[in-house]
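See structure below.
Nothing in this text is a laboratory measurement; each read-out follows from the coordinates by a stated rule. Since the model is a prediction, treat every value here as computed from it, not as a measurement. Methodologically, a virtual Cβ is constructed for each residue, glycine included, from the backbone with ideal geometry; neighbour enumeration extends over all protein chains shown.
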Amino acid sequence: MTKRLVDVLDSDGAVIHTYPITLDGPDDGTDDAAYKAKALEAAGHGRLVSDTELGSLTARMHVSRGGQMAPYGDDLRASSETKAGLEQTVRERAYFLWQQDGCPEGRAEQYWHRALDQHLRERAYVLWEQEGRPEGRADEYWRRICDFEAK
């Protein structure tokens, strides 16, 4: 497994986040495009920008800089889909659904799974739209989202 840093840039060319990207397999000279594609997918999951702006993001291989280390392009919103961010998003949605149904007792796990399912479906839909709404590939996007969230 090979790990490389990839910068994700907004439409103005400003770095909005630098992702450590790991690809499975040995370092056999894998093309930078695979790293960039995975970083852009992670940016979509991480909600760095609104869904309408996802198509304007670009990626480049990170270039190290000299000097004193300081945070650079790592300003993520609290709703970013880190594991903690995902859990918080699902927790809030589950609570909303529970309240909507009149606060029934003893069904917390049911609401958690319902909220997670809704969240994953929304993310799959965003990816499907971002890639031009390809016909007959809904299952592929669902699997991609589930695989990404499982990591």
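Going from the fewest other Cβ atoms within 10 Å to the most, the residues 32, 51, 147 appear in the order 147, 32, 51. Amide H contacts of residue 21: 4, 5, 6, each under 5 Å away and 5 or more positions distant or on a separate chain (H built 1.01 Å from N in the peptide plane; Pro and chain starts excluded).
Between residue 33 and residue 133, what FRET efficiency comes out of the Förster formula 1/(1 + (r/R0)^6) with R0 = 22 Å and r the beta carbon distance, rounded to 0.05? If you can, show how the numbers build up before the last one.
Numbers: r = 23 Å, r/R0 = 1.04.
Efficiency, rounded to the nearest 0.05: 0.45.
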